[in-house]
Structures are given as structure tokens and as C-alpha cells.
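Trainee: Following this message is one structure expressed as C-alpha cells.
The values are calculated or read from the model by the stated rules, or taken from the named source; none is laboratory data. Keep in mind it's a predicted model, so treat the numbers as computed, not measured. FYI the Cβ positions are ideal-geometry reconstructions off the backbone, even for glycines, and counts take in every protein chain you see. The protein model used for the area step is the full one, side chains on, heavy atoms only, and it has no ligands, DNA or RNA in it. Shrake-Rupley method; radii C 1.70, N 1.55, O 1.52, S 1.80 Å.
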Amino acid sequence: MTDTRDIGTIAGVREMQDFSNGLRGEGKTIAFVPTMGALHDGHLSLMREGKKHGDVLIASVFVNPAQFGRNDDFNSYTRDTDGDLKKMTAAGVDIAFFPRSDEIYPPGYETYVDVTELGKPLCGRFRPGHFRGVATVVLKLFNIVKPHAAVFGEKDYQQLQIIKKMVSDLNLEVEIIGMPIVREESGLAMSSRNSYLSPEEREKAAYLSLALRQIKKRFDGGERDTSTLVKEGYVVLGGGSIGEVDYLEIRDGATLRDKALAAPGDVAALAVRIGSARLIDNTVL
Ligand code: PAF
């Protein structure tokens, strides 16, 4: 059944702040799901969860230039405002916030947030400045939308840890909720970037989650040596023949520090480039 409910849209920063101040003034709670659009079932699961955490659900769509490097896919990143609006309506979003880039980063903008240690390993090593861009825009969006709770996907595991740390370090009064990865039938983690994959590349991409499952299986079977576990994962990835492996590592689930011996709660995480897509995935041991 098509949802014909009206969804409110807001583009102005001041308008969004006034709207949220009004809600708070009425004693209403705000749940928030920030996105970069190109919405898929993973995003929709965040929105459905968001419904449970506030009287009003706000979702934003903003392709944040500050988190893309010079060689990243900022220009080619999928933009589909009409499609996103339909999906947000169906997922129960009350207000869709579409800020303009020149309002988020006006000329002369110069303030950035850096979560220094958590931003260094894994994707931080291959995408310098990426997490600084993420933390900055998330803090700005929190200051504009003023949520009581915000929902993020666990596929971006490092991003989620960084946001939690920023919220704790900066005493922000926002509850951060992480939601499990939503996967396609093949095991491929849902991602807006999966749309870059050809059918053959999609088949290869299924090996990413297989590699992580193999690591988890060996961990559950008692193996604790991280280099042995990682080697097993590389075997599933065909020693890199599936695509260019940026990293496949096991790290402490909270601090993301390197470990010689794996323990429950650690995370096995990988990033692999297949064609023009850079895909990430993870599993918590
Ligand atoms: O996960 C994303 O889509 C983005 O990194 C986020 C959190 C919306 C910030 O731009």
C-alpha cells in the first residue's frame, strides 16, 4: 500500500533550528537519522528504529563534501531526492531535512572536529580527513536538528565508534543508537555504493562477508591468534584477487587498537575496492 501521508521538508538551517526548538518547547522528543541519501533498506531500518526513540522522526539527506577526498566519489555519488522522499515517507519519517552545502559550509568556514585516535586506523589510514569531515557534519547536524536520539548503522563501524566518542568527549546530550548491518541474500552488506557494481563485481563482492564469516567461525571454534584469523579471511578473498584489499584487520571493538589475541567484542573489519566501488564490512566477534 502506498503511503500518502504528507512528509514535511525543510532546507533552511534557521528554519530547522526553529522547528526543533518549537518541538522541544512543546515537550516533544526528537529522533534523528542523518544520511547522504541514495537510501536503501539499511537506511530504512535506521528510520524504523528511530520511530521508537522520539515523538518526531527527522531524517537528513546531505552529501557532505568534507568527508570526501580529492579522488573519492563526491561528484558521482547517487542523488535521488524524489526516490529518497518516497522511501522516507514509507519509513515513517516526519520531517526530511535537505540542507544546502553553502549553508553548512559558508564561505570562510574553518571549524572542524577531530576524534584523534579513533580516526587513525582502518579507513582513517586510507581516507585522510574522512572522519574529520564526518564528525564535523554530524556535530553540526546535531546542533541544527537538536535530537534527543540519533540512529547510525553498524556497517560504518568505525564511524559509529567515533560518533559515540565525540558525543561523550563533548558532553553532547544525544543518545547514539547503533543498528545491525542489513545484508542482501548473498551476504553483501547494503550500501549506496553497491549501485556502482556490475553483476560480475556483485558476485565478487559477496566474498567480503564470506571472509568475515570464516573469521567468526574460526573464532567461535576457539582460534584467538589474530594473524591466523586474518590469514583465513585473506584466503576467502582469494589473496586479494577479488579486489584490492585496503585492509582486513581485527581490532578492539571500542578503542580500535591492534590486538595479537582476539577476544569477544573485538571487530573484524575490511575495506576492499572492486571496480569503482570501495566497500566496507565488519563483524563483531
Ligand atoms: O553514514 C553516512 O551516511 C554519513 O557518513 C553521515 C553519518 C550521514 C555523515 O555525513
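Trainee: Take Asn71 and decide whether it is over 26 Å from Lys165 (Cβ atoms), open to solvent by 40 Å² or more (accessible area, probe 1.4 Å) and away from the ligand (no atom under 13 Å from the Cβ). Spell out the reasoning first.
Mentor: On the way: over 26 Å from Lys165 (Cβ atoms): yes; open to solvent by 40 Å² or more (accessible area, probe 1.4 Å): yes; away from the ligand (no atom under 13 Å from the Cβ): yes.
For Asn71, the condition - over 26 Å from Lys165 (Cβ atoms), open to solvent by 40 Å² or more (accessible area, probe 1.4 Å) and away from the ligand (no atom under 13 Å from the Cβ) - is met.
Trainee: For residues that are of a type outside the set (Gly, Ala, Ser) and touching a residue at least 12 places away in the same chain (Cβ under 8 Å), scanning just the range 76-87, find the one that is nearest to the ligand (Cβ to nearest atom). Walk me through it before giving the result.
Mentor: Here is the first cut: in the range 76-87, the ones of a type outside the set (Gly, Ala, Ser) are 77-82, 84-87.
Still in the list and also touching a residue at least 12 places away in the same chain (Cβ under 8 Å): 77-81, 84-85, 87.
Values: Tyr77: 10, Thr78: 12, Arg79: 13, Asp80: 14, Thr81: 15, Asp84: 12, Leu85: 17, Lys87: 14 Å.
Filtering first and then ranking leaves Tyr77.
Trainee: How many residues are free of Cβ contacts under 8 Å to residues at least 40 places away in the same chain and farther than 19 Å from Lys155 by Cβ if we restrict to the range 30-75?
Mentor: Count: 8.
Trainee: Kindly list, by first and then second residue, each pair from a residue in the range 204-220 that is open to solvent by 70 Å² or more (accessible area, probe 1.4 Å) to a residue that is of a type outside the set (Val, Ile, Thr) and assigned to a helix (DSSP H, G or I), limited to pairs with Cβ atoms under 7 Å and residues at least 6 apart or on different chains.
Mentor: Arg218/Leu229; Arg218/Glu232
Trainee: On to the next question. Mind listing whichever residues of the range 19-41 are among the polar types (S, T, N, Q) and open to solvent by 30 Å² or more (accessible area, probe 1.4 Å)?
Mentor: Let us first name the residues in the range 19-41 that are among the polar types (S, T, N, Q), namely 20-21, 29, 35.
Asn21, Thr29, listed by residue number.
Trainee: Here is a check on your reading of the model: is Ala90 more than 16 Å from the ligand (Cβ to nearest atom) and either in contact with a helix residue (DSSP H, G or I) (Cβ under 6 Å, 6 or more places away or on another chain) or closer than 20 Å to His40 by Cα (or both)?
Mentor: On the way: more than 16 Å from the ligand (Cβ to nearest atom): yes; either in contact with a helix residue (DSSP H, G or I) (Cβ under 6 Å, 6 or more places away or on another chain) or closer than 20 Å to His40 by Cα (or both): yes.
Answer is yes for this residue.
Trainee: Kindly indicate whether any position in the range 121-135 is at positive phi, crowded, with 20+ Cβ neighbours inside 10 Å and within 15 Å of the ligand (Cβ to nearest atom). Full working, then the answer.
Mentor: So the first thing to find is which residues in the range 121-135 are at positive phi, and the list is 122, 129.
Those left that are additionally crowded, with 20+ Cβ neighbours inside 10 Å: 122.
Keeping just the survivors that are within 15 Å of the ligand (Cβ to nearest atom) gives 122.
Scanning the range 121-135 turns up at least one residue that is at positive phi, crowded, with 20+ Cβ neighbours inside 10 Å and within 15 Å of the ligand (Cβ to nearest atom).
Trainee: Could we say that Asp246 is open to solvent by 60 Å² or more (accessible area, probe 1.4 Å) and among the acidic types (Asp, Glu) here? So that I can check it myself, show each step before the final result.
Mentor: Values: open to solvent by 60 Å² or more (accessible area, probe 1.4 Å): no; among the acidic types (Asp, Glu): yes.
Considered against the rule, which asks whether it is open to solvent by 60 Å² or more (accessible area, probe 1.4 Å) and among the acidic types (Asp, Glu), Asp246 comes out as no.
Trainee: Write out, first by first residue and then by second, each pair whose Cβ atoms fall under 8 Å of each other, whose residues are 6+ apart or on separate chains, and whose first residue, in the range 221-235, is open to solvent by 50 Å² or more (accessible area, probe 1.4 Å) while the second is at pLDDT below 95.
Mentor: Tyr234/Gly240
Trainee: Could you check, for the range 246-262, whether at least one of its residues is modelled with pLDDT of 95 or more and in a helix (DSSP H, G or I)?
Mentor: Filtering the range 246-262 for residues modelled with pLDDT of 95 or more gives 246-262.
If we keep only those that are in a helix (DSSP H, G or I) as well, we get none.
So far as the range 246-262 goes, no, none of its residues is modelled with pLDDT of 95 or more and in a helix (DSSP H, G or I).
Trainee: How many of the residues making up the range 4-14 are closer than 20 Å to Ala90 by Cβ, of a type in the set (Val, Ile, Thr) and either open to solvent by 40 Å² or more (accessible area, probe 1.4 Å) or not in a strand (DSSP E or B) (or both)? Please lay out each step first, then the result.
Mentor: Going through the range 4-14, the residues closer than 20 Å to Ala90 by Cβ turn out to be 4-10.
This time we only want the ones that are of a type in the set (Val, Ile, Thr), so: 4, 7, 9-10.
Still in the list and also either open to solvent by 40 Å² or more (accessible area, probe 1.4 Å) or not in a strand (DSSP E or B) (or both): 4, 7, 9.
Matching residues across the range 4-14 total 3.
Trainee: Another question, then. Sort out which residues of the range 167-191 are open to solvent by less than 20 Å² (accessible area, probe 1.4 Å) and over 18 Å from Ala31 (Cα atoms), and write them in order of number.
Mentor: Gly187, Leu188, Ala189
Trainee: Also: Kindly indicate which of Val93, Val115, Val145 is under 23 Å from Arg278 (Cβ atoms), of a type in the set (A, V, I, L, M) and touching a residue at least 12 places away in the same chain (Cβ under 8 Å).
Mentor: After applying the criteria, what remains is Val115.
Trainee: State whether one or more residues within the range 264-272 are open to solvent by less than 30 Å² (accessible area, probe 1.4 Å), charged (D, E, K, R) and assigned to a loop (DSSP other than H, G, I, E, B).
Mentor: yes
Trainee: Within the range 25-68, count every residue that is among the β-branched types (Val, Ile, Thr), more than 14 Å from the ligand (Cβ to nearest atom) and touching a strand residue (DSSP E or B) at 6+ places or on another chain (Cβ under 7 Å).
Mentor: If we filter the range 25-68 for residues that are among the β-branched types (Val, Ile, Thr), which is where we start, we get 29-30, 33, 35, 56, 58, 61, 63.
This time we only want the ones that are more than 14 Å from the ligand (Cβ to nearest atom), so: 29-30, 56.
The next check asks that each one be touching a strand residue (DSSP E or B) at 6+ places or on another chain (Cβ under 7 Å); those that pass are 30, 56.
The qualifying residues number 2.
Trainee: Go through the range 141-161 and count every residue that is assigned to a helix (DSSP H, G or I) and either at positive phi or within 10 Å of the ligand (Cβ to nearest atom) (or both). Before the answer, list the steps.
Mentor: Taking the range 141-161 as the starting set, the residues that turn out to be assigned to a helix (DSSP H, G or I) are 141-145, 157-161.
In the following step, the residues that additionally are either at positive phi or within 10 Å of the ligand (Cβ to nearest atom) (or both) were identified as 141, 159-160.
Result for the range 141-161: 3.
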